[in-house]
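Following this message is one structure expressed as structure tokens.
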Amino acid sequence: MEVAHQSLAQLSRALKSKQISAVELAQAHLDRIESHQDLNAFLDVRPEVTLAQAAAADARLAAQEAVTPLTGVPIAHKDIFVTRDFCSTAASKILRGYRSPFDATVVDNLARAGMVTLGKLNCDEFAMGSSNENSAFGNVLNPWDTGAVPGGSSGGSSAAVAARLAPVATATDTGGSIREPAAFTGITGTKPTYGRPSRWGMIAFASSLDTAGLMTRSAEDAALVFNHMLGFDPKDSTSVNRPREDYTRNLDLDVKGVRIGVPQEFFGKLLQPDVEAAVREALAEYQRLGAILVDISLPNAELGIPVYYVVAPAEASSNLSRFDGVRYGHRAAHYTDLADMIKKSRAEGFGAEPKRRILIGTYVLSHGYYDAYYIKAQKVRRIIADEFTRAFSRCDVIAGPVTMSVAFAFGEKAADPVAMYMADYYTVPGSLAGIPSMSIPCGFGVGPVNSKRPVGLQLIANYFDEARMLGIAHAYQRATDWHLRRPAGF
Ligand code: GLN
């Protein structure tokens, strides 16, 4: 079997037993990246850096020194994580060519474990978007159907893993940016509890929501990587100080008797019939495996989108104020004075979506509107979080759709921001609560030109319960093979 199609556990074993070297593995992926450049998944690839890291991993494997299950395994990073050896742009013109003097903690943790970086992945500008159409560096194509979006904002991450250009990729989820693109590309996308992964070196969008996670081909692969990626970081004030965990510990979990909460609000009239059919069939599969379906209600989940689009832009307007043409990034070539320089640099550097959010955010934080919008949104956010907590007294995990429809076409929602925002209708509530959640492939729906487009099943768990969530996902992936399907030609 071609190395690009092997699971992380298989790659890990092959590296340890010297069936393949880290350099050969890195080269095989670099070759695939090169031959699938048309997907536009990568923004920065530097084979000499990758191969040097791979050679160092081979040396570790040869000396049997500090070897982990990830040593020599390639990974690609979303361009929201800053990296010393590659450019870090957040897919924005304002950071074009920027080189960070340090690595993000997540990147550093994985490098210490011996992972080899393949490059940086395209995304929506500052992770704002649901289709990757907001990247300043062009659209990413969905490998299942190049007329369809790969989802966003982590569209480069999802396309790269779906097309087998990388066995695993980092991603970030603020309102759905891991789960939605994972669903649209038929892969496994996992967002841990807010505060578990470090935000240090993650280019900030909405700090109370931003959560690093993974795009993988299976829940098992995600568990293996989380073991080295997550953990307390004193450099991040919202990092949670809990002992390290073994996220693989529930992979043999039997779902017999596990209570799966099914929120009625997630099966309303917005849900497309093809997605609903695949999700219901996945729930039936869990029942056949012995799980118990429990009807639950999240009555205020429908307020997730309006609440999110107050809170997230408010935080974004503050976070993006650092891009002033002085400290880093783009500076206008012609200006009259300091204020003019800042104004022109920002006007030239930011794309339309970040500008829209800066305006909305500044507005909702302004005197006279702060109480009416921002404080109100914070109160509803708490109500939504409390509804989840109550639901988890009746079930172990919540399951439902990730998206209303399969991947949509380029341009379909680009001119209508609210239609685009609605793509995260089922993912935003969990983000506002800060609970872990994931998307696993569970079938196919229909695209316009008769193409098959993947459907994702969303699992949502209580705070810090990701090991069990991964175990519940793995039970499904042991019983089904949706996660093993790959797009034609890849
Ligand atoms: N689509 C949502 C937004 O544009 C979520 C993005 C994300 O999770 N980064 O804000």
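Suppose each label sits 7 Å from its Cα in the direction of the beta carbon; what would the Arg485-Lys343 distance come out to in nanometres?
Distance between the two pseudo-spin positions: 5.4 nm.
Now for a different question. Find out how many positive minus negative residues lie around Asp85, taking Lys and Arg as positive, Asp and Glu as negative, among other residues whose Cβ is under 12 Å from that of Asp85. Mind showing how you got there, number by number?
Values: positive: Arg46, Arg84, Arg99, Lys120; negative: Asp44, Glu48, Asp103, Asp108.
Local charge sum for Asp85: 0.
Please compute the length gained on full extension between Thr362 and Leu270, using 0.36 nm multiplied by the number of residues separating them and subtracting their Cα-Cα distance. Walk me through the numbers on the way to the answer.
Values: separation 92, 0.36 × 92 = 33.12 nm, distance 3.11 nm.
Gain on stretching Thr362 to Leu270: 30.0 nm.
Before anything else, pin down the relative contact order of the chain: Cα pairs under 8 Å, at least 6 apart, normalised by residue count, whole percent. Please list the in-between numbers first.
Values: 1189 pairs, mean separation 86.8, N = 490.
Value for the chain: 18 percent.
Give the accessible area for Met422 in Å² (nearest 10); use a 1.4 Å probe, count only protein heavy atoms, and leave out ligands, DNA and RNA.
60 Å²
Once the other residues with Cβ under 11 Å from the Cβ of Thr248 are scored (Lys, Arg +1; Asp, Glu -1), what is the net sum?
On the way: positive: Arg249; negative: Glu220, Asp221, Glu245, Asp246, Asp252.
Counting the neighbours of Thr248, the net charge comes to -4.
Heads up, I need the accessible area for Tyr309: 1.4 angstrom probe, whole protein in place, Å², nearest 10.
Solvent-accessible area, nearest 10 Å²: 30 Å².
Could you tell me the accessible area of His330 in Å² (1.4 Å probe, neighbours in place), rounded to the nearest ten?
It works out to around 60 Å².
So what are the ³J(HN,Hα) numbers for region 149-154, from phi and the Karplus equation (6.51, -1.76, 1.60; θ = phi - 60°), rounded to whole Hz, Gly and Pro as x?
6, x, x, x, 7, 7
Note down the net charge around Met341, summing +1 for each Lys or Arg and -1 for each Asp or Glu among other residues with Cβ under 14 Å from its Cβ.
Numbers: positive: Arg327, Arg331, Lys343, Lys344, Arg346; negative: Asp324, Asp337, Asp340, Glu348.
That sum, taken over residues with Cβ under 14 Å, equals +1.
Considering only protein heavy atoms, what per residue accessible area in square angstrom results for the chain with a 1.4 angstrom probe? Before the final figure, lay out each step's value.
On the way: 17980 Å² over 490 residues.
Using a 1.4 Å probe on heavy atoms only, each residue of the chain averages 37 Å².
Give the carbon-plus-sulfur fraction of the accessible surface of region 96-218 in %, rounded to a whole number; probe 1.4 Å, heavy atoms of protein chains only.
Values: 950 of 1930 Å².
Reported share for carbon and sulfur atoms: 49 percent.
Spelling out what I want: for every residue of region 112-126, take phi, set θ = phi - 60°, compute 6.51 cos²θ - 1.76 cosθ + 1.60 (Karplus), and round to whole Hz; glycine and proline get x.
With coefficients 6.51, -1.76 and 1.60, one gets 4, 6, x, 6, 10, 7, 8, x, 10, 9, 4, 6, 5, 4, 6 Hz.
Round to a whole number: what % of the accessible area of region 290-371 belongs to carbon and sulfur, probe 1.4 Å? If you can, show how the numbers build up before the last one.
Working: 2470 of 4230 Å².
C and S atoms contribute 58 percent here.
Taking amide H positions as placed in the peptide plane 1.01 Å from N, state which residues far from Arg196 in sequence (5 or more) or on other chains have amide H under 5 Å from it.
Counting only residues 5 or more places away or on other chains, the set is Val240.
Would you kindly derive the ³J(HN,Hα) couplings of region 285-300 from the backbone phi angles with the Karplus curve 6.51 cos²θ - 1.76 cosθ + 1.60 (θ = phi - 60°), listing them in order in whole Hz, with x for Gly and Pro?
4, 4, 4, 4, 7, x, 6, 10, 8, 10, 6, 10, 9, 10, x, 9
Go ahead and estimate [θ] at 222 nm for the chain from helices alone: -39,500 (n - 2.57) per DSSP H run with n ≥ 4, summed, over the residue count, rounded to 500.
Details: 15 runs with 172 residues, N = 490.
So the helix-based figure for the chain works out to -11000 deg cm²/dmol.
5 Å is the cut-off here: which amide hydrogens, built 1.01 Å from N in the peptide plane, fall below it relative to Gly261, excluding neighbours closer than 5 in sequence?
Val294, Asp396, Val397, Ile398, Ala399
Around Asp44, which amide H atoms from residues at least 5 apart in sequence, or from another chain, sit under 5 Å from its own amide H, with H modelled in the peptide plane?
Lys120
The values are calculated or read from the model by the stated rules, or taken from the named source; none is laboratory data. Keep in mind the model is a prediction, meaning the values are calculated, not measured. All Cβ positions, even for glycine, are placed from backbone atoms using ideal geometry, and neighbour counts span all protein chains on display. The protein model used for the area step is the full one, side chains on, heavy atoms only, and it has no ligands, DNA or RNA in it. Shrake-Rupley method; radii C 1.70, N 1.55, O 1.52, S 1.80 Å.
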